[in-house]
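The values are calculated or read from the model by the stated rules, or taken from the named source; none is laboratory data. Bear in mind that the values here come from a model prediction, so they are computed numbers and not experimental data. Using ideal geometry, Cβ is built from the backbone for each residue, glycine included, and neighbour counts are taken over all protein chains shown. Ligands, DNA and RNA are stripped out before the accessible areas are found, and what is left, the full protein with its side chains, is counted by its heavy atoms. Shrake-Rupley method; radii C 1.70, N 1.55, O 1.52, S 1.80 Å.
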Amino acid sequence: MPSKKVLIMASRPQPSPENVPPGGEGLPLAPGPISPSDMRGVFTAVDLYRSLGRLEKATEVLENAIARHDKDLNQLGKIAHTAKTLGNITLTLTSGIGVAILIYLYHHFAPLLFSK
């Protein structure tokens, strides 16, 4: 009768729930010195790197908005100054014209009003 050979392979035992290490660490993700907590650290570092990139972009956008608003406010200040100047000129001209009209009316109608 031919002899039967049996091949036996080593395998890692699956941990039961009571054998799971504290901190929620399960089976190692890779053979060797990399532990699940190491991988969590790597993922945390990647998340931080991405967050810093988004923060850098947000800061750039904010600085651009500040520069635009500063430029707009400066232009509005110039417009307000021009409007104030033109308003003062208009007020002066209107007052001068009004006084001239009143003087004309006084000289034109005074003899009629104050005659006996």
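Being under 56 Å from the mean Cα position of the chain (by Cα), open to solvent by less than 80 Å² (accessible area, probe 1.4 Å) and of a type in the set (A, V, I, L, M, F, W, C) holds for only one residue in Ala65, Ala100, Ala110, and it is Ala65. Checked against (1) at pLDDT 85 or above; (2) not in a helix (DSSP H, G or I), Leu7 passes all but a single condition, namely (1).
Here's the yes/no breakdown for (1) open to solvent by less than 100 Å² (accessible area, probe 1.4 Å); (2) touching a Leu at 6+ places or on another chain (Cβ under 9 Å); (3) at pLDDT below 90; (4) not small (Gly, Ala, Ser):
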| site | (1), (2), (3), (4) |
| --- | --- |
| Ser16 | yes, no, yes, no |
| Asn19 | no, no, yes, yes |
| Glu25 | yes, no, yes, yes |
| Phe43 | no, no, no, yes |
| Val46 | yes, no, no, yes |
| Leu76 | no, no, no, yes |
| Tyr104 | no, no, no, yes |
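Results for (1) modelled with pLDDT of 90 or more; (2) under 20 Å from the mean Cα position of the chain (by Cα), shown as yes or no for each residue.
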site: Met1; (1), (2): no, no
site: Pro22; (1), (2): no, no
site: Pro36; (1), (2): no, no
site: Lys71; (1), (2): yes, yes
site: Ile89; (1), (2): yes, no
